[in-house]
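The values are calculated or read from the model by the stated rules, or taken from the named source; none is laboratory data. Fair warning: this is a prediction, and the values are worked out from it, not measured in the lab. Note that we place each Cβ from the backbone using ideal geometry, even for glycine, and neighbour counts take in every protein chain shown. Side chains included, ligands, DNA and RNA excluded: accessible areas come from the protein's heavy atoms. Shrake-Rupley method; radii C 1.70, N 1.55, O 1.52, S 1.80 Å.
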Amino acid sequence: MYWNLTHFEASFFFALFAAIVFGVVSRRTDRDRLYYGLYVFACFLVATFGLGWLMYFGHG
Amino acid sequence: MDQPKGRPALRAWAGPVALAWILPGGGHFYLKRWNRGGLLLFAVAGMFLFGLLMRGKLFEPVDGDTFTMLLNYGGYLFNLASGSPYFLTTWLGYNQPELPGAVHDYGTKFLVCAGLLNILSMVDAYEIAVGKKS
């Protein structure tokens, strides 16, 4: 079995798993953990799109 | 012998930290943080599983120049940090050579990062066990 994920799919799942762990270990209350996890997930996605566009324009 | 002031007793945290290494989230289960343990298990095992399905490479200790040693020993150490997913995978004979291609490379990174995330969960289990966190 082999999963041929696209760049976006791979970065999406990476962001999802990393954000869950960051959220769980980083804050003191469940509410803060949830918000921080969502924040980290959003940051990963923004960075993915931002770097994608940067490479697109940088490539010329 | 008295415990040095401010340093938590080994027996308070060694069990949960060892369990957190062996089974991702295991330290939290031991400390009865069921939901957080479940989320950690899902995230670390999921990251590892995705790495396997993308046919990532598991590192082995390789001697050579400094960069090669850093890369391979570091990768091996972080693969090892995943605990039971790593042991189970190697025991079942997974042996993927390094292949060209972005997806394989992502898989290798997923496998390494699963170990790094498990180290975070071990640190969290330690902090809960010694009472720094609830």
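Sort out which residues of the stretch B:62-97 are without any contact (Cβ under 8 Å) to a residue 24 or more places away in the chain and either within 17 Å of B:Val44 (Cβ to Cβ) or in contact with a Pro (Cβ under 7 Å, 6 or more places away or on another chain) (or both), and write them in order of number.
Selection gives B:Asn72, B:Tyr73, B:Tyr76, B:Phe87, B:Leu88.
Taking the conditions exactly as written (small (Gly, Ala, Ser) and more than 23 Å from A:Ile20 (Cβ to Cβ)), does B:Gly74 satisfy them or not?
For B:Gly74, the condition - small (Gly, Ala, Ser) and more than 23 Å from A:Ile20 (Cβ to Cβ) - is met.
What are the residue pairs meeting all of these: first residue in the stretch B:117-133, first residue more than 8 Å from chain A (Cβ to nearest Cβ), second residue open to solvent by 50 Å² or more (accessible area, probe 1.4 Å), Cβ atoms under 6 Å, and 6 or more apart or on different chains?
What qualifies is B:Met122/B:Trp21; B:Tyr126/B:Trp13; B:Ala129/B:Trp13; B:Val130/B:Trp13.
Can you pull out every residue in the stretch B:98-112 that is farther than 9 Å from B:Phe48 by Cβ and either more than 8 Å from chain A (Cβ to nearest Cβ) or open to solvent by 30 Å² or more (accessible area, probe 1.4 Å) (or both)?
B:Glu98, B:Leu99, B:Pro100, B:Gly101, B:Ala102, B:His104, B:Asp105, B:Tyr106, B:Gly107, B:Thr108, B:Lys109, B:Val112
Just to verify a result, which residue in the stretch A:7-28, among those that are at the interface with another protein chain (Cβ under 9 Å from one of its Cβ atoms) and farther than 14 Å from B:Met47 by Cα, is surrounded by the most Cβ atoms within 10 Å (Cβ to Cβ)?
This residue is A:Val24.
Taking the conditions exactly as written (within 22 Å of A:Phe17 (Cα to Cα), open to solvent by 30 Å² or more (accessible area, probe 1.4 Å), basic (Lys, Arg) and touching a Leu at 6+ places or on another chain (Cβ under 8 Å)), does B:Arg33 satisfy them or not?
no
At least 2 residues that are away from chain A (no Cβ under 13 Å), at pLDDT 95 or above and within 13 Å of the chain's Cα centre (by Cα) in each: list the helices (runs of 4 or more DSSP H) lying fully within the stretch B:1-88 that qualify.
In the stretch B:1-88, the matching helices (runs of 4 or more DSSP H) lie at B:10-22, B:66-80.
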